Amino acid sequence: MTTSVMLPDNPTLDEYKKRLAELSERGVTEFARAANADELEAARIEFLGDQRGKLREFQIVLGKLPKEARPEAGRLFNAAKARLTDALELRRQEIAKLGDDSTTRPADLTMPARRSWRGAKHPVTLVIEEIEGIFRELGFTIAIGPEAETEWYNFGALNFPPNHPAMDLHDTLYLSGEGLLRTHTSPVQIRTLQRYAPPIRVLIPGRVYRRDFFDPSHAPAFEQIEGLCIDEGISFVDLKATLTRFANRFFGQRPTRFRPSFFPFTEPSAEMDVQCGVCGGQGCGVCKQTGWVEILGSGMVHPAVLEAAGVDSERYSGWAFGMGPGRIAISRYGIPDIRILYDSDVRFLEQISE
Amino acid sequence: MNVSYEWLRALVPFRETPAKLRDLITSRVATVDELVPLRQDLAPIVVARVVEAGRHPDSDHLWVTKVDAGTGELLDVVCGAPNVEAGKLYPFAPTGTTMPNGLKIERRRIRGQTSNGMLCSPRELGLGEDHEGILELSVDAAPGTPFLKVMPAGDTKLVIDVSPNRPDLLSHLGVAREIAAAVDSPVTLPRIDGADAAIPTASRVRAEGRTGGVDVRVQEEGLVRRYMAAVIRGIRVGPSPEWLVRRLEAVGSRSINNVVDATNYVLHELGQPTHAFDLQRLGGGAIVVRRARAGERIVTLDGIERTLADTMTVIADAQRPQAVAGIMGGRDSEVSESTTEILLEVASFDPARTRATRRSLGLSTDASYRFERGVDPLLAPAALERTVRLIVAVAGGRVDDAPVDVYAGDSLPMPLPLRVSRVRTILGDVVPADEVASLLRGVGFDARVESNDVVRVMTPSWRIDVQREIDLIEEVARLRGYDSFPDEIRPFRAGNVPDDPQWLLARRVRDALVGAGLLETRPMPFVRGADTGYVRVANPLAENEAFLRRDILDTLSRRAEYNLARMQGDLRLFEIGATFLPDESLPHEELHVGALIMGRRRPPHFTDPKSDEFDRAMTFDAWDAKALAELVCDQAYGPGAVSFVAGSSDELWELRVGERRVGIVRALSLDAPVWAKPAFGVELSLGIVDSTNVAPAGQHAYRGAEYAPVRVKPFRAIPSQPASTMDLALLVPQSVDAGTVERAIRDVAGDLLESILLFDEHSGGKIETGSRSLAWRLTFRHPERTLSAKEMEGRRTNVLRHLEKTLNVRPRST
Ligand SMILES: [Zn+2]
């Protein structure tokens, strides 16, 4: 029960109006709140009861008001009564429609919920966002760039010797006319270095293209994410520290190792492995008996790359890394065929939403 | 590249097991992808423990044993070896094993006793001639462990992933140099019996010379950096000795004959490809290095006739090509059983030309692989000497005349100064000058400490990858070991680059769509396309998907069809990705969001009425598409910034910002089965992707950070007064659309109008033709008081009068 609306014995018109408005507002609320016929009847008696109903009080007081105020007060009283009566009737109908109290408390609670469709991000997006989150803690922001690129941004500026076997790993899709589809996200390194003065700490996600036939383990378009860190005095120690920290966060506290590698745009270059999660380093089919699984390529940015982007390579140094979120998604979710990531079968995408 | 463990051991002494050697090479030099034991025939053999051994009741020399082979039960095995002893470990062949000699082990009875497998002697395993007894294993291994794991038997092949900048590693010599530095042992070429023939000193010429009666000429500079030739007469072509066959087998190369095998051996040992021509098949007593003539033909060793272009280099006799330089010899002058004299070629061909020829012929060989990456011209004399001696050792014969050496010489490399301070800057740790110099010297550099800060370095001729100081710093890092550097997080400065606004926008739109229950896709962006209006891929993977998409709905439609073909008809897919239009230079690239909906609005529920009408009401329609469009438009351009203009034909709405078209809402026509529900699509541009050059090569164009503006809607007070509502049921001529009526209502309803909701539409029945009935609920609210009935009435009158006057819209009589 609610507290009663206090109405003085001899109210002014303003007081009368104010209390009446409060009462009808409360009454409407109470009616709407009634969960079943019994509760609604109790509320009816409280507000509209013939003898003790709260509205009855206002009808009595009506006669005690100054004469000139009575017509308006009367109109208001009638309006309030009509409003309450309407609200009561509306709720009565609603409750009738419910039948009994089955909506508020269904008899069989094991029956299924009424669901909406659930949305979901693509697994590759989830991997990218997780990587992004870890690098944000270390002060990295996001840079992106075009997928259709010039030969210079994709190769020349990144220290690829022309006509060299190093190009064989970048089997390129060329566009009719000018340009090509970038084979890696590294052109965005150059664009970023040309646009912003160091210090630079960016993460570069994006789609890249290779002239690889679409089969269970290759796709001609896939996602890459790379990082670039350039400032005075940035060293191989910073590279190792940041990437080791990343790997520990992303893969759990598994041992990591760096081994020599080659990329035209970094020197020294290093590939990073994490201990095989399947065999725990003992050697198995997944890790080709080595006990290690490759996760990313990295290295100190080659001075020629800095010079191509107009950066003083004596004053500044730094590192970069790149990895494939698609490959990570595949191993993480145990997806047997890379094409599943592209097919867009709702039965796959809905699994992610569960 | 394949190397043999035993071959490496012949070049440099080391104790490491194959697995340890793999780790050593991987951590310092290049990644070893695979370790292949060459005795895979021993793979089924396991370590087993003899638990009991007793005399065979019916035999003097047989034993009946119980063997634990790790299977969880003891096996009865009969054994004839005198040395079998309970408690000891032996190699064991379980039933089903095929032994190296072809014998298949089966369960059988030997003089009344069952035998389930065989305990093996060294000879039975092909590990030697000893068959006096079974091989006792003094190792600590559990029964059931594969025998090959505990006993390195036979050779092991290492598959090394040599990076394209390190051609010096494409030989056993090159890998051995790196191992030698790691284990601190010298590299020496293994002695080969009989390989000590005296060879006269080669005569060096600039372009043309003569050896053994053959004219050797290089017709044009730039075709070959060095060309050496020697004539050997009196050879007998035949099979190679066993050791040579084994060596080649270990690296996956098939034995052909003693002469060819000798050249292959040197290729794998020193990294120098060589070629032997049958001298009697060369016409005109001449060998010429020249450009091919366009259209000239040659049948190569693989039996294929190839047509040459004038960009290619050939080795010709006086008349015609006898080899494609650096790639493959010709069948005409192939060394055969009847060959008795040969001309041996040891050359260093131009990398770029070899690469171009290899690509255009589609013919890659061990030789072309090395020439493309660069073969050290200074290697040629030693390689020639080694090959000649090996041929003479295995095929007999003698060198006729001094070999000829066409070589203009190379300029000596300049010494590189390496600053110790720079090593510290790049690597982040102090490596003293002495240590720097000694690490470099270990792998063949001539390094001299010149001062505390400077080490002066001469690069060995085989290290063509080392050209700048940074290349030497990499050497220091890997030779010292990447593990030796700390990995502590050091202080850093915050970066200058703000988050890319387009990335933030994409994320916002993605979150909104996922929140609305849509599924994100990331399909392939290639489409069927057309010759105009699309960007074409010049070298597409498939001709039926040779174009880049211009809109995402194209891709999503195909994905919807993919799902429909799998009986999936309730779809709500979206993608955020790049789209492309042809432009002057690079394509015009835009980031778009596309969304496709069809089928049910939500999963079915047991409370749902079972009626067609309800099913229809639960199916996605144009209004859902409009809501989706409003959602993405509000996220991307701000609430109300995009106007929805009626589109033409299958376009429902064109989305515009001002006069600019930024997107579309449309009904999609799919290749769909009959049961499929209608599909609707939304496509919206999230902005142009800038692909112009930021600055010319070698320059920058710094500018300040641009941050995406944060959109804020100011606070509006939560209403404290009750609202008053008014329903307007209107008779609207067909020519007047609802939006117009709504705008007219807003025009005169006054400031207190809080919201306006269209809640009913119908026509027919009592509604006169040419009109329809539309009903709106208007909600008014005064911030400080309740609106009186009179005030509401006044508003109703105003609105109705205005609608009638301007639009001929009247209230519907009830
Ligand atoms: Zn493993």
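The values are calculated or read from the model by the stated rules, or taken from the named source; none is laboratory data. Quantities reported herein were computed from a predicted structural model and do not represent experimental measurements. Ideal geometry is used to build each Cβ from the backbone, glycine not excepted, and the neighbour counts take in all protein chains shown. For the accessible areas, the whole protein counts, side chains as well, though only heavy atoms, and no ligand, DNA or RNA atoms are used. Shrake-Rupley method; radii C 1.70, N 1.55, O 1.52, S 1.80 Å.
Numbers for the structure displayed
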{"read-out": "Exclusive hit being assigned by TED's automatic domain parsing to the domain that holds A:S298 and crowded, with 23+ Cβ neighbours inside 10 Å, set A:F155, A:F222, A:F160", "value": "A:F155"}
{"read-out": "Residue that is surrounded by the most Cβ atoms within 10 Å (Cβ to Cβ) [pool: residues in the stretch B:728-741 that are touching a Leu at 6+ places or on another chain (Cβ under 7 Å) and either closer than 23 Å to B:R781 by Cβ or of a type in the set (S, T, Y) (or both)]", "value": "B:L730"}
{"read-out": "Residue count for the stretch A:280-325, restricted to those that are facing chain B (nearest Cβ under 9 Å), out of contact with any Leu (no Cβ under 6 Å at 6 or more places or on another chain) and more than 16 Å from the ligand (Cβ to nearest atom)", "value": "10"}
{"read-out": "Flag for B:A81 being surrounded by 13 or more Cβ atoms within 10 Å (Cβ to Cβ), closer than 28 Å to B:D140 by Cβ and either among the hydroxyl-bearing types (S, T, Y) or modelled with pLDDT under 90 (or both)", "value": "yes"}
{"read-out": "Failed condition for A:G252, given (1) more than 10 Å from every other protein chain (Cβ to nearest Cβ); (2) more than 16 Å from the ligand (Cβ to nearest atom); (3) surrounded by fewer than 20 Cβ atoms within 10 Å (Cβ to Cβ)", "value": "(2)"}
{"read-out": "Close pairs (6 angstrom Cβ cut-off, 6 or more residues apart or separate chains): within 11 Å of chain B (Cβ to nearest Cβ) in the stretch A:328-354, open to solvent by 40 Å² or more (accessible area, probe 1.4 Å) anywhere", "value": "A:S344/B:R559; A:V346/B:Q568; A:F348/A:I340; A:S353/A:R118"}
{"read-out": "Conditions (1) crowded, with 16+ Cβ neighbours inside 10 Å; (2) more than 36 Å from the chain's Cα centre (by Cα): number failed by B:D434", "value": "(1)"}
{"read-out": "All strands (runs of 3 or more DSSP E) inside the stretch B:89-198 with 2 or more residues being without any contact (Cβ under 8 Å) to a residue 40 or more places away in the chain", "value": "B:108-110, B:113-115"}
{"read-out": "The stretch B:182-196, subset touching a Leu at 6+ places or on another chain (Cβ under 7 Å) and more than 13 Å from B:A10 (Cβ to Cβ), residue surrounded by the most Cβ atoms within 10 Å (Cβ to Cβ)", "value": "B:A182"}
{"read-out": "Which listed residue is among the charged types (D, E, K, R), part of a strand (DSSP E or B) and modelled with pLDDT of 95 or more, from B:E754, B:E683", "value": "B:E683"}
{"read-out": "Residue tally, condition open to solvent by less than 20 Å² (accessible area, probe 1.4 Å), at the interface with chain A (Cβ under 9 Å from one of its Cβ atoms) and of a type outside the set (D, E, K, R), over the stretch B:567-619", "value": "8"}
{"read-out": "Residues located in the stretch A:258-279, provided they are more than 23 Å from B:L479 (Cα to Cα) and either away from the ligand (no atom under 16 Å from the Cβ) or open to solvent by 40 Å² or more (accessible area, probe 1.4 Å) (or both)", "value": "A:G277, A:V278"}
{"read-out": "Residue check, A:R332 within 16 Å of the ligand (Cβ to nearest atom) and closer than 22 Å to A:F222 by Cα", "value": "yes"}
{"read-out": "Residue in the stretch B:244-259 that is under 13 Å from B:W7 (Cβ atoms), polar (S, T, N, Q) and not in a loop (DSSP other than H, G, I, E, B) present", "value": "no"}
{"read-out": "Identity of the residue in the stretch A:154-167, in a helix (DSSP H, G or I) and among the hydrophobic types (A, V, I, L, M, F, W, C), that ends up nearest to the other protein chains (Cβ to nearest Cβ)", "value": "A:A166"}
{"read-out": "Which listed residue, of B:A636, B:A676, B:A641, is under 43 Å from the mean Cα position of the chain (by Cα) and part of a loop (DSSP other than H, G, I, E, B)", "value": "B:A676"}
{"read-out": "Subset of the stretch B:1-17 [among the basic types (K, R) and in a loop (DSSP other than H, G, I, E, B)]", "value": "B:R15"}
{"read-out": "Residue tally, condition surrounded by 21 or more Cβ atoms within 10 Å (Cβ to Cβ) and of a type in the set (D, E), over the stretch B:307-325", "value": "1"}
{"read-out": "Number of the condition not met by A:R245 [criteria: (1) within 8 Å of another protein chain (Cβ to nearest Cβ); (2) within 27 Å of the chain's Cα centre (by Cα); (3) surrounded by fewer than 23 Cβ atoms within 10 Å (Cβ to Cβ); (4) assigned to a strand (DSSP E or B)]", "value": "(4)"}
{"read-out": "Restricting the stretch A:173-200 to residues that are closer than 23 Å to B:A542 by Cβ and within 7 Å of chain B (Cβ to nearest Cβ), the residue that is surrounded by the fewest Cβ atoms within 10 Å (Cβ to Cβ)", "value": "A:E178"}
{"read-out": "Among (1) more than 8 Å from chain B (Cβ to nearest Cβ); (2) modelled with pLDDT of 95 or more - the single one A:H170 does not satisfy", "value": "(2)"}
{"read-out": "Test: B:E385 is under 29 Å from B:D465 (Cα atoms) and surrounded by fewer than 24 Cβ atoms within 10 Å (Cβ to Cβ)", "value": "yes"}
{"read-out": "Tally of residues being touching a residue at least 40 places away in the same chain (Cβ under 8 Å) and either more than 25 Å from A:A34 (Cβ to Cβ) or not in a helix (DSSP H, G or I) (or both) across the stretch A:77-103", "value": "2"}
{"read-out": "Selection status of B:T725, of a type outside the set (G, A, S), in contact (Cβ under 8 Å) with a residue 40 or more places away in the chain and open to solvent by less than 70 Å² (accessible area, probe 1.4 Å)", "value": "no"}
{"read-out": "Residue within the stretch B:688-706 that is in contact (Cβ under 8 Å) with a residue 12 or more places away in the chain, surrounded by 11 or more Cβ atoms within 10 Å (Cβ to Cβ) and part of a strand (DSSP E or B) present", "value": "yes"}
{"read-out": "Residue among B:G174, B:G209, B:G213 that is out of contact with any Cys (no Cβ under 6 Å at 6 or more places or on another chain) and on the phi > 0 side of the Ramachandran plot", "value": "B:G213"}
{"read-out": "Odd one out for A:G233 among (1) within 26 Å of B:P540 (Cα to Cα); (2) open to solvent by 10 Å² or more (accessible area, probe 1.4 Å); (3) small (G, A, S); (4) facing chain B (nearest Cβ under 8 Å)", "value": "(1)"}
{"read-out": "Hey, A:E350 open to solvent by 20 Å² or more (accessible area, probe 1.4 Å) and either closer than 28 Å to B:V36 by Cα or aromatic (F, W, Y) (or both) or not", "value": "no"}
{"read-out": "Hits in the stretch B:36-63 (condition: surrounded by fewer than 21 Cβ atoms within 10 Å (Cβ to Cβ) and part of a strand (DSSP E or B))", "value": "B:V36, B:P37, B:V51, B:E52, B:A53, B:G54, B:R55"}
